[in-house]
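Note sheet for the following structure.
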Amino acid sequence: VQLQAFGGGWVQAGGSLRLSCAASRRTLTGITMGWFRRAPGKEREFVAAMSRNTDPGYYADSVKGRFAIFRDNVESTVYLQMDSLEPEDTAVYYCAAKHSVSGKHYDAQAYNYWGQGTQVTVSS
């Protein structure tokens, strides 16, 4: 599975961005899609994940209520809608995919496929 992420950019605090991740796989059935991020000087951290498009999604506490993950299985694309952005959200964001039956949704080690990162910069 090849993943390609789009949508990063610069925004002022309080603004919004939407990230997209297109998968080469024809369908996302049985695939958990996740977003992770790495801020300067910090380790990579879990942001959000979704196993099925009927799921509410899983979120890191730091983004809960501000970010929303949703997916289009037909288009094999997953999105991360980011609202009320804060300077602390500045990071390189990565989309990732794993088989839903293996590993925890928040564990980066469980993900087999990774897209290139996309930079998100939030200014105060």
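The values are calculated or read from the model by the stated rules, or taken from the named source; none is laboratory data. Quick caveat, the model's predicted, so the values are computed rather than measured. Cβ: placed from backbone, ideal geometry, glycine included. Neighbour counts: every protein chain shown. Ligands, DNA and RNA are stripped out before the accessible areas are found, and what is left, the full protein with its side chains, is counted by its heavy atoms. Shrake-Rupley method; radii C 1.70, N 1.55, O 1.52, S 1.80 Å.
Among the aspartates and glutamates, which have Cα under 16 Å from the Cα of residue 64 when same-chain residues fewer than 8 positions away are ignored?
Once the sequence-local aspartates and glutamates are set aside, what remains near residue 64 is 45, 55, 83, 86, 88, 89.
Along the Cα-to-C-beta direction of residue 112, a point sits 7 Å from the Cα; which residues of the range 1-15 have their amide N less than 16 Å from that point?
What the label zone holds, given the 16 Å backbone N cut-off, is 1-3.
Probe 1.4 Å, all protein chains in place: accessible area of residue 114 in Å², nearest 10?
About 80 Å², rounded to the nearest 10.
If R0 is 30 Å, what FRET efficiency do you get for residue 66 and residue 2 from their C-beta distance, rounded to 0.05?
Efficiency computed from Cβ-Cβ geometry: 0.55.
Return one whole number: the accessible area per residue of the chain in Å², for a 1.4 Å probe.
I get 52 Å² per residue for this part.
Can you work out D for the range 1-91 in µm² s⁻¹ from Stokes-Einstein, where Rh is the Kirkwood radius over C-alpha pairs, the temperature is 37 °C and the viscosity is 0.692 mPa s?
Using the Kirkwood radius from Cα pairs, D works out to 242 µm²/s.
Find the relative contact order for the chain and round it to a whole percent, using C-alpha pairs within less than 8 Å whose residues are 6+ positions apart.
36
Using a 1.4 Å probe and ignoring any ligands, DNA or RNA, find the accessible area of residue 84 and quote it in Å² to the nearest 10.
Counting only protein heavy atoms, residue 84 exposes about 60 Å² to solvent.
What do you reckon, how do 17, 28 stack up by accessible area (1.4 Å probe), largest on top?
In descending accessible area the options line up as 17, 28.
Can you tell me the FRET efficiency between residue 104 and residue 42 if r is taken as the Cβ-Cβ distance and R0 is 22 Å, rounded to the nearest 0.05?
With R0 = 22 Å, the Cβ-Cβ based efficiency is 0.60.
Where does the range 1-46 land on Rg(C-alpha)/(2.2 N^0.38 Å)?
1.42
Full-extension gain between residue 10 and residue 75, please, as 0.36 nm times their residue separation minus the C-alpha to C-alpha distance.
The span from residue 10 to residue 75 would gain 20.8 nm if fully extended.
Would you mind pulling out the separation of the Cα centroids of the range 87-111 and the range 1-54, in Å?
8
Carbon and sulfur: what percent of the chain's accessible surface (1.4 Å probe)?
Carbon plus sulfur share of accessible area: 48 percent.
When the solvent-accessible surface of protein heavy atoms is calculated with a 1.4 angstrom probe, in what order do 93, 79 fall, highest first?
79, 93
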